[in-house]
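Every read-out reported here was derived from the displayed coordinates using simple, explicitly stated rules and does not represent laboratory data. Because the structure is predicted, anything quoted here is derived from the model rather than measured. Counting neighbours? That spans all protein chains shown, and the Cβs are built from the backbone with ideal geometry, glycine included.
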Amino acid sequence: MYDLEELRASLYLGQVTEIKRTFTNEELKIGEMFNKITKTNLEAIIPVSPYLFFFLTPDEYYKAKRFIRKLRAQFQKKVRLIKFSNKKDTLLNLITALFSELYIHDYSCYYDSIKGMDIIIIKFLTYEERGLAIGKNGNYIKTINFLLSRYVKYEDRSKEVRVRCVLSSI
């Protein structure tokens with residue numbers, strides 16, 4: 001028998017997502033430089049200081065990945081390549097891609113009616129992995145929450161989305 005919370009989480013995290021695709025002049029220049037270095041096509045670019053998120057289809061992601069050091073040197077920012085296909089990948093795929101270097105033990109989600117927002121819980125096995133997911137002074141998780149609230153569209157969501165990283169109890 002399925003747990004109701006587990007079923008709700010799988011339906012919520014299984015939604016197809018889309019990255020809003022509006023390019024500013026700055027993003028067009030960044031995209032042109034990215035294309036010149038990697039010879040790949042981008043799905044989207046999202047600059048959120050101090051990060052530059054480049055969203056690429058899986059094929060393009062693996063082509064561009066070998067240029068990561070050159071991209072970081074060129075842009076003088078924290079460059080993140082995200083394997084993501086617009087209107088094909090799910091919210092779970094996107095979250096997994098945003099934390100691609102870390103082992104995520106489990107996921108869950110719930111709606112916080114007091115704050116009026118969706119909370120996505122990501123569970124890690126060690127304090128070290130949790131610390132890497134949160135980032136120094138919480139910068140990375142704040143950036144992820146901003147990105148999800150502002151740039152990611154999907155059908156069943158409240159006004160805001162928050163990701164929380166917790167230590168899993170086995």
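Using only the C-alpha atoms, the convex hull of the chain corresponds to 133 Å³ per residue. Over 27 Å apart at the Cα level, from the set K65/K136; K20/K78; K77/K136; K78/K115; K70/K123; K87/K142, are K78/K115; K70/K123. Within the listed set F54, F124, F67, the residue fluctuating most in the Gaussian network model of the chain (springs between alpha-carbon atoms under 10 angstrom) is F67. I need the calculated FRET efficiency for the pair K136 and D156, taking r as the beta carbon distance and R₀ as 45 Å, to the nearest 0.05. For R0 = 45 Å, the calculated efficiency reads 0.85. Between the stretch 16-41 and the stretch 100-143, what's the alpha-carbon centroid distance in Å? Computed from Cα coordinates, the inter-centre distance equals 27 Å. The mean of 1/r over all pairs of different alpha-carbon atoms in the stretch 19-83, once inverted, gives a Kirkwood hydrodynamic radius of 11.6 Å. Between K115 and Q76, what FRET efficiency comes out of the Förster formula 1/(1 + (r/R0)^6) with R0 = 30 Å and r the beta carbon distance, rounded to 0.05? My answer for the efficiency is 0.25.
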